[in-house]
Structure formats: C-alpha cells, structure tokens
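S.K.: Sharing a structure with you now.
The values are calculated or read from the model by the stated rules, or taken from the named source; none is laboratory data. Owing to the predicted nature of the structure, the values given are computational and were not obtained by experimental measurement. Here Cβ is always computed from backbone atoms with ideal geometry, including for glycine, and neighbour counts include all displayed protein chains.
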Amino acid sequence: MSTFKKKFIDLLKIIFPSTGIELIIFLFFLVVYGYLGSYIAIHYKIIFDSRIPWDAYFSFDNKSIVMTGGSFERHPLSYYFFKYVRKLALLFSDGKMDGNFRFALAWFSNIAVSLSIVQVFKYLKNIIQLPLFICIFLILFLGSFSTTILLSFTPENFTYTLLLLTLFNYYSALKLRNEEKIPALALVVYGIGIGGFTITNIVKVFIPVAFEKNIFKNWKKFGNAAFRIILTCICFILLYLNRIDFKYENIFSKTNEQYEKFSNVNSIPLWDMILSYFFGGNVLFSNFIITDRNNMQGYEYKGLLMDVYLSWVPYLFIAVLLALVLWSYFKNFRNKLAQILMISFIIDIVIHCIMRFGLHTSFIYGGHFVFIYPLMFGWLINSYKNSPKTLSFLMAVFCIMFAYLLTNNYLRMSEFFSFLNRYY
C-alpha cells in the first residue's frame, strides 16, 4: 500500500466512525437529531425563510449565512463553503427554496453535529482512555446541551466550526500523544478551514504546535514550527484578501463597526451576561423572550431570544459546571493536552467576556468551545481513576446535573415549539 493511500485511509478513520461502537453512536445522534430537524424543516419555515435574514431564533442568521456565508470580517472564507451547501440543497429541492430545501440544510447540520460528537467520543476513548460507559455518558451529556441541539438543525458557521474544532483537537492530540509534529499541510488546511469560518479561531490551530516535544529546546524544531505557522498565516491572508478583492482597508472599518455594534450592550449586568449567556446559554436553556423584528424592507416578524436565568437553580448548575472544569484544570495542570483545551477556552473567554464582543448573544457561540466541558470532565475522571470514593462522588454529581439538564432543555424545547406553532 502506498504511503499516500495509507495516510488517506488513516484520515478517513479519524474523520468518520471507524469502529462498531462509533458507528452506533453516529447513527444514534443522526436519527435523534434527524427526526428533530426533519420535523422542523417540513412543518415550519424558521430554518430558512427568504424574507427573514437574521434573528428568527436565538440570533442565528440562517438566511444570511446560507446565501452569503456571513460577514467577511468575521467569517472570511465561509462564503465559498456555503455556496456549495446552497447548491447541494437546491439540487435536492429541484431549485426551489421550499421544505425540501430546508430539509437538506437541516440534514447537513445534523451530519456535522453528529460527527462532532463522534470526535469527542474518540477523544474520550482513545486519548483519555476512559471506560466505555463513561464515554457514552459524557457524549450523551454533550448531546443534550442547548448548543448541540440547536446547531443540529441550524445552517450556521458555528455548526461546522464545531466539527472542525473537535476534529482538530482529536487529530492534534493523537499527534502529540505519539510525540509527532503536526504536518505543515494539515496545519494549513485546518487553519484555513477553522479560521475561514470564524477568523479568531485560527489562533487555536497554533496552540498544539507550542506543545510539540522539545520545541523550545531545539532551534531546528522551533524554526520548523515557526515556518509552519507563518506558512499557514500567509495562505490564509492571501485567500482572505482575494475574498475581498485585496481591498484590505475594508477589514479595519468593518471590524471596528462590528465591534462597536456587538460590544456596547449595558442593559444587563456584566456578571449576569457572562453566567447566563456565555457559560450557561450554550449548555442550559434559559427563559425565552419574544421580540418584534423587521427585515428593513417592510416585513415584520417575531424573534426568539434567551433571557438571563430567573431562578437560583440554573446559576447553581453553571457554578458547579465551572467548578468541575477548574478542578479538572488544576488537577491536570501538567497535562499538555488538558492545557491545550483550556488555553483554547481562555481565548473565547477573553474575546467575549473581557473584550465583550457579542457577549449579549454569546449563547450562539457555543460551537467554539462547548465540547471543552465533556473533555475536561473526562480528564478529571481519569485523574481519579484509582480513587473510588472521589470517582463515585463525581459520577453522582454528573448524574444529578445530567437529569436536570435533560429536564430543563426538554421543557424549553417544548416552549420553542409553541413559538413555532404560533408564528412559523
């Protein structure tokens, strides 16, 4: 077998289910999310309505994303990706933007999110090497998050960012575990893909490079790493500039405009937006608010947004969630793979909580980091594998949290369907 063929087969094994249990997990989520997305696509217009460019539910920009890929200053290369998504969906619907078109869009999202969950399972099973039942429990936990539920039928950049980031984290963890460097081609491809969907995420592609073996002790290895990073940046920048016809001055004006638009919201206390929207809204649905919207062309419609939490119970849930993540981080501080996950998470915290970019709608950014939670829980469980009492305590806490998560998100989704029945 040629080297190229072997590498290609290995790549397919990483991306797609490669064992029986992985296939079962993939099919399970494909069926569950597929039923949800198919029902919404067939019976309602909210997934894609040509009259509604943005904010029909939870600030997702469905039509805008499908038709243009989103604003170039935040999603510089997604235009090219969604052009083919749109063409495939239109091929399925015989050129009509009808229920079949929405059905295709929902299933593209479904496949992406289901594959993302498989990537998390692979990380838990093959990298952390947890027992099978714990791996399954943690991915069921992840699969019940508000972000994964919503992205499973929503055509958005964050849907595919979730897939690429989970895939890259698993791929880079395999490389680092085997004390191998991340090849230049792989770094370029992931950099263009991940950064192309959301520009700030390109930094996350470079984090594992800093943890390659002896990279700061060997000048040759350091130089090679610098070359790979610079090459990735050059390729990305050239594609980015080509996307905007090399009118680079537009980047600064549009970026500043977007920052001002999405960073100056003072109606809700900062701490509450951080807990309810950034840390909480991606996991645990909060209360909903129905708003009046218009498409700037005379068409008025209803939008659905998340409110802050109104009970002390969700705040307690999020506090425990964060306490467990921090516990895992300090317990695994010397673990370079856990460090990579947390540094990646910290980047999102800086952007949204400190710089306050989009903090009031940060419940939609979950695809950038929500998978960190089950992975850090996995590292925490692994660190206490020889301590039965602590392990039993952790599993008891996770079970209580999982039960509350399921109950809350089920009830909130029933409210979401009530909204659909009334307006869509």
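S.K.: Regarding region 120-133, can at least one residue be identified that is under 30 Å from Leu231 (Cα atoms) and β-branched (Val, Ile, Thr)?
M.R.: So in region 120-133, the residues under 30 Å from Leu231 (Cα atoms) come out as 120, 122-123, 127.
Cutting the leftovers down to β-branched (Val, Ile, Thr) gives us 120, 127.
Yes - at least one qualifying residue is present in region 120-133.
S.K.: Within the bounds of region 76-86, is there any residue that is polar (S, T, N, Q) and over 30 Å from Lys125 (Cβ atoms)? Break it down into steps so the answer makes sense when it comes.
M.R.: Of all residues in region 76-86, those polar (S, T, N, Q) come to 78.
Restricting the remaining residues to those that are over 30 Å from Lys125 (Cβ atoms) gives 78.
Among the residues of region 76-86, at least one is polar (S, T, N, Q) and over 30 Å from Lys125 (Cβ atoms), which makes the answer yes.
S.K.: If I ask for residues that are within 21 Å of Val189 (Cβ to Cβ) and without any contact (Cβ under 8 Å) to a residue 12 or more places away in the chain, which ones from region 81-127 would you list?
M.R.: Matches in region 81-127: Tyr84 only.
S.K.: Next question. Mind telling me which of the residues Leu394, Leu375, Leu406, Leu380 ends up being assigned to a helix (DSSP H, G or I) and surrounded by fewer than 18 Cβ atoms within 10 Å (Cβ to Cβ)? Let's see the steps before the verdict.
M.R.: On the way: Leu394 fails: surrounded by fewer than 18 Cβ atoms within 10 Å (Cβ to Cβ); Leu375 fails: surrounded by fewer than 18 Cβ atoms within 10 Å (Cβ to Cβ); Leu380 fails: surrounded by fewer than 18 Cβ atoms within 10 Å (Cβ to Cβ).
Answer to the selection: Leu406.
S.K.: Of all residues in region 327-336, count the ones that are surrounded by fewer than 20 Cβ atoms within 10 Å (Cβ to Cβ) and assigned to a helix (DSSP H, G or I).
M.R.: Counting residues in region 327-336 that are surrounded by fewer than 20 Cβ atoms within 10 Å (Cβ to Cβ) and assigned to a helix (DSSP H, G or I) gives 5.
S.K.: Counting only residues that are within 30 Å of His352 (Cβ to Cβ) and either touching a residue at least 60 places away in the same chain (Cβ under 8 Å) or assigned to a loop (DSSP other than H, G, I, E, B) (or both), how many does region 200-215 have? Lay out the reasoning, then the answer.
M.R.: Step one: of region 200-215, the residues within 30 Å of His352 (Cβ to Cβ) are 200-212, 215.
From the residues that got through so far, the ones that are either touching a residue at least 60 places away in the same chain (Cβ under 8 Å) or assigned to a loop (DSSP other than H, G, I, E, B) (or both) too are 200-201, 203-204, 207-208, 211-212, 215.
Of the residues in region 200-215, 9 are within 30 Å of His352 (Cβ to Cβ) and either touching a residue at least 60 places away in the same chain (Cβ under 8 Å) or assigned to a loop (DSSP other than H, G, I, E, B) (or both).
S.K.: While we're on this one: In region 4-52, what residues are part of a loop (DSSP other than H, G, I, E, B) and among the aliphatic types (A, V, I, L, M)?
M.R.: Restricting attention to region 4-52, the residues satisfying the condition of being part of a loop (DSSP other than H, G, I, E, B) are 16-19, 44-52.
The answer is Ile46, Ile47, Ile52.
S.K.: Checking Ala225 against (1) buried (at least 16 other Cβ atoms within 10 Å of the Cβ); (2) small (Gly, Ala, Ser); (3) within 26 Å of Tyr373 (Cα to Cα), which single condition isn't satisfied?
M.R.: Condition (3) is where Ala225 drops out.
S.K.: Next question, about the same structure. In contact with an Asp or Glu (Cβ under 9 Å, 6 or more places away or on another chain), surrounded by fewer than 21 Cβ atoms within 10 Å (Cβ to Cβ) and assigned to a helix (DSSP H, G or I), is that true of Lys175?
M.R.: In short, yes.
S.K.: Under the condition of being in contact (Cβ under 8 Å) with a residue 60 or more places away in the chain and buried (at least 19 other Cβ atoms within 10 Å of the Cβ), which residue from region 337-347 is farthest from Phe158 (Cα to Cα)? Can you show your working first?
M.R.: So in region 337-347, the residues in contact (Cβ under 8 Å) with a residue 60 or more places away in the chain come out as 337, 339-341, 343-344, 347.
From what is left, the residues that are buried (at least 19 other Cβ atoms within 10 Å of the Cβ) are 337, 340-341, 344.
Details: Leu337: 23, Ile340: 20, Leu341: 18, Ser344: 16 Å.
Result: Leu337.
S.K.: Among Tyr33, Tyr44, which is more than 21 Å from the chain's Cα centre (by Cα) and aromatic (Phe, Trp, Tyr)? Before you say what the answer is, go through the steps one by one.
M.R.: Working: Tyr33 fails: more than 21 Å from the chain's Cα centre (by Cα).
None of the others qualify; the one that does is Tyr44.
S.K.: Something else about it: Out of everything in region 153-166 that is more than 19 Å from Lys122 (Cβ to Cβ) and in contact with a Phe, Trp or Tyr (Cβ under 6 Å, 6 or more places away or on another chain), what residue ends up being surrounded by the most Cβ atoms within 10 Å (Cβ to Cβ)?
M.R.: The qualifying residue surrounded by the most Cβ atoms within 10 Å (Cβ to Cβ) is Thr154.
S.K.: Same structure, new question: For residues that are more than 22 Å from the chain's Cα centre (by Cα) and either assigned to a loop (DSSP other than H, G, I, E, B) or among the β-branched types (Val, Ile, Thr) (or both), scanning just region 310-326, find the one that is modelled with the highest pLDDT. Please lay out each step first, then the result.
M.R.: Quick first cut of region 310-326, residues more than 22 Å from the chain's Cα centre (by Cα) only: 310-313, 315-316.
If we keep only those that are either assigned to a loop (DSSP other than H, G, I, E, B) or among the β-branched types (Val, Ile, Thr) (or both) too, we end up with 310-311, 313.
On the way: Leu310: 91, Ser311: 93, Val313: 96.
My answer is Val313.
S.K.: Got a number for residues in region 137-167 being without any contact (Cβ under 8 Å) to a residue 40 or more places away in the chain and over 11 Å from the mean Cα position of the chain (by Cα)?
M.R.: Just the residues of region 137-167 that are without any contact (Cβ under 8 Å) to a residue 40 or more places away in the chain, to begin with: 164.
Narrowing the set further to residues that are over 11 Å from the mean Cα position of the chain (by Cα) leaves none.
Qualifying residue count for the region: 0.
S.K.: Which condition number in (1) buried (at least 19 other Cβ atoms within 10 Å of the Cβ); (2) in a helix (DSSP H, G or I) is the one that Val350 fails?
M.R.: Going through (1) buried (at least 19 other Cβ atoms within 10 Å of the Cβ); (2) in a helix (DSSP H, G or I) one by one, Val350 breaks only (1).
S.K.: Which condition from (1) in a loop (DSSP other than H, G, I, E, B); (2) under 20 Å from Thr148 (Cα atoms); (3) touching an Asp or Glu at 6+ places or on another chain (Cβ under 8 Å) is the one that Ser59 breaks?
M.R.: It fails just one condition, (3).
S.K.: Then there's this: Can you name the residue in region 119-136 that is closer than 20 Å to Val283 by Cβ and among the β-branched types (Val, Ile, Thr) and is also farthest from the chain's Cα centre (by Cα) among such residues? Spell out how you get there, then give the answer.
M.R.: Pass one, region 119-136, residues closer than 20 Å to Val283 by Cβ: 119-121, 123-124, 134-136.
The next check asks that each one be among the β-branched types (Val, Ile, Thr); those that pass are 120, 134, 136.
Numbers: Val120: 12, Ile134: 22, Ile136: 19 Å.
Looking at residues that are closer than 20 Å to Val283 by Cβ and among the β-branched types (Val, Ile, Thr), I get Ile134.
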